[in-house]
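Have a look at the structure below, then the notes.
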Amino acid sequence: MSRFIREIREVWRPLDPADDCSLPDTEVREAELRRIIGAPLDGALPVDLPPRVGRLRRTVFAAAGAVAAGGVLVVANPAQGPAFALTPAPLTTTQTSGAPAADMLRTIIDRTATLAPETRGDIDWMRMQTWALSYANQREFTDAVVPEDRTIERHGDGSAKVTATTGDPIKMYGGVRERLATWWKVKTQDPRHQTYGPGGFPSQWPPTERPPTEPTALKSWLMFGNEPREDVEVLRAVDDLASERVLIRDERTAVLKVLTGLKTLRYEGRAVDRAGREGEAFALESSLTGLPMRYTFVFNALTGTLLTTEQVLISDAGGRDVQIPAVFQYKTFALAA
């Protein structure tokens, strides 16, 4: 046990109501634990942790997942019966509008076009915060939704450095003691590093290529020359692109122009992301991955920069122990250079 953990325990020991209580022997404790786990609440069936779910597209998170992944809590909810996985609160929109998505996107395009031209060097550097329900079983969080902060330094030859650290709990069951318990399990592993040699970083697109700035060419490049079955495939490709590339002004403008052609995309209104930044939110629904999901993208209204993406299960959890609607995954692009 580390000195830090011992010191923290000593600080909290006077507040522990069970500090002086003797525990029953091991057999009694194990029997009681089995009884609690096996006893359904209000007739509900015992609950399992949600299984892992495959991704439709291979993204940078195949690499970042090797470094770390966000955690999820399972808590009992007596009012509902079964236990539910604790998930982040979904994004909410304010100043909602019925304006067509294409019109609002064109407004952002016009604003972005007034910015000074930008150039891109050999290195893409970005910092993002991520959380995904599908990675929940890979971490041992027991009392909080804990996101992950990642920095990615990607070079033009396909080499990269990925650093992951445990973020602050954004939603907790219990108080400070539970938060400390969560941190004890993972903080000693921080920071976690992964280094990729030339050509080793799992990129969707050739690392020596920049995204085309002509909309038709960009859409074909994003889809590898294939026609998308649904609009959501284009949206997911943009998500993947933002996860591995830092886009300059003309590239961002081209992305927005591609999105104007998505017939099922809606303008939701103004939203504030998890970093406290305001932007314009666009969304669509699709079951292409096998589950009914809402995909939300929030863009900076002045620069066209993608601030955050979110996927939310909207009507069917697919056997997962979550309350609908439930956030399935989010990415917050905190800083890029």
*Of the numbered conditions (1) over 21 Å from M128 (Cα atoms); (2) surrounded by fewer than 19 Cβ atoms within 10 Å (Cβ to Cβ); (3) modelled with pLDDT of 95 or more, P206 satisfies every one except a single condition; which is it?*
(3)
*Looking only at segment 186-202, and only at residues there that are outside any loop (DSSP other than H, G, I, E, B) and surrounded by fewer than 16 Cβ atoms within 10 Å (Cβ to Cβ), the one that is modelled with the highest pLDDT*: T195
*Complete set of residues in segment 89-128 that are among the polar types (S, T, N, Q) and modelled with pLDDT of 95 or more*: T107, T112, T114
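Just give me the residues in segment 203-217 being outside any helix (DSSP H, G or I) and not charged (D, E, K, R), in sequence order. Spell out the reasoning first.
Of all residues in segment 203-217, those outside any helix (DSSP H, G or I) come to 203-214.
Those that are outside any helix (DSSP H, G or I) and not charged (D, E, K, R): S203, Q204, W205, P206, P207, T208, P211, P212, T213.
Any residue that is surrounded by fewer than 18 Cβ atoms within 10 Å (Cβ to Cβ), at negative phi, in contact with a strand residue (DSSP E or B) (Cβ under 8 Å, 6 or more places away or on another chain) and of a type outside the set (S, T, Y) - is there at least one of those in segment 293-302?
Of the residues in segment 293-302, the ones surrounded by fewer than 18 Cβ atoms within 10 Å (Cβ to Cβ) are 301-302.
Keeping just the survivors that are at negative phi gives 301-302.
From what is left, the residues that are in contact with a strand residue (DSSP E or B) (Cβ under 8 Å, 6 or more places away or on another chain) are 301.
Right, trim to of a type outside the set (S, T, Y) and you get 301.
Checked against the condition, which is being surrounded by fewer than 18 Cβ atoms within 10 Å (Cβ to Cβ), at negative phi, in contact with a strand residue (DSSP E or B) (Cβ under 8 Å, 6 or more places away or on another chain) and of a type outside the set (S, T, Y), segment 293-302 yields at least one hit.
The values are calculated or read from the model by the stated rules, or taken from the named source; none is laboratory data. This structure is a prediction, so every number in the text was calculated from the model and none was measured. All Cβ positions, glycine included, derive from the backbone under ideal geometry; neighbour counts span all protein chains shown.
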